[in-house]
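One structure is given here, and the rest of the page talks about it.
The values are calculated or read from the model by the stated rules, or taken from the named source; none is laboratory data. The shown structure was predicted, so the numbers you read here are calculated from the model rather than taken from an experiment. Neighbour counts run over all protein chains shown; Cβ positions are idealised from the backbone, glycine included. Please note that ligands, DNA and RNA were not included when accessible areas were found on the heavy atoms of the full protein model with its side chains. Shrake-Rupley method; radii C 1.70, N 1.55, O 1.52, S 1.80 Å.
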Amino acid sequence: MNLSGKFISFEGIDGCGKSTQAKILSEELISCGHKILLTREPGGSDGAEEIRNLLLTGNTDRWSAETEILLFTAARRDHLERTILPALENGLAVICDRFSDSTRVYQGVTRGDLRDLVDQLDSAVIPRQPDITILIDLDPTISLARAIERSNNEARFENFGVEMQIKLRKGFLTLANEFPDRFMVIDGNRTEAEVAENISKRLHEIG
Ligand code: TMP
């Protein structure tokens, strides 16, 4: 499998297990000799980590959906410029925990009809999209319980409640249908090891 210069994102609702799976996959690939950068959004560069703090802490009504889209996009641009593009240019494979699809779903679909705004901003300032997007799909009642259990002060989105998580899951599955060439939907309702094995198998299948 030649992963040099490939951009892989992980997506899914809060508590679906994607961060754990992103870590397991990067460790597996590193042990096979691949050069990997594991990163996350919002964040992944100094400036974007500062914006992360603004976005994920505080009251649920701290920002409107429109303001959130601008902040997430600003963080993404900095992350792309300073971290992702240089790594891809140096031949690394980049594994990113969330990317534009999260904004399409969290801000674009579930908090108003703002998907067009997300896409317009993306096409203006985000010149690179993932080659492969791994969506970990899980029942929101299971994932939200997990998310709340490990919760820290970054719980702004988890605090929107289970109804929001149900909408988010539907939004991600709709997006997977819209972009079937890059999306890989993985059933997250299995053990960590089984989910990891399935991801690895599916990646090998696409070569
Ligand atoms: P995390 O829990 O995967 O670190 O993500 C932090 C939260 O930020 C999560 O609840 C999803 C939310 N989020 C958005 O609402 N829009 C975005 O564009 C991104 C990247 C994350």
Open item on the list: On the basis of being at pLDDT 95 or above and more than 9 Å from the ligand (Cβ to nearest atom), does G171 make the cut?
Closed with: yes
Task: Which numbered condition I84 fails, given (1) over 20 Å from E178 (Cα atoms); (2) among the hydrophobic types (A, V, I, L, M, F, W, C); (3) near the ligand (Cβ under 9 Å from one of its atoms) - done: (3)
TODO: For the stretch 108-152, enumerate the residues that are more than 23 Å from L38 (Cβ to Cβ), in a loop (DSSP other than H, G, I, E, B) and either at pLDDT below 80 or of a type outside the set (V, I, T) (or both).
DONE: G108, R111, G112, D113, L114, D139
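Hey, could you check the stretch 84-133 for residues that are at positive phi and more than 15 Å from the chain's Cα centre (by Cα) and say which is least open to solvent (accessible area, probe 1.4 Å)?
Going through the qualifying residues, I end up with G91.
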Open item on the list: I'd like the full set of residues that are farther than 15 Å from T39 by Cβ and either within 9 Å of the ligand (Cβ to nearest atom) or outside any loop (DSSP other than H, G, I, E, B) (or both), limited to the stretch 90-107.
Closed with: D101, T103, R104, V105, Y106, Q107
Task: Residue in the stretch 1-13 that is farthest from N189 (Cα to Cα), counting only those that are open to solvent by 10 Å² or more (accessible area, probe 1.4 Å) and either at pLDDT 95 or above or within 15 Å of the ligand (Cβ to nearest atom) (or both) - done: G5
Open item on the list: So in the stretch 14-61, with the set limited to residues that are of a type in the set (K, R) and under 27 Å from E163 (Cβ atoms), which one is surrounded by the most Cβ atoms within 10 Å (Cβ to Cβ)?
Closed with: K18
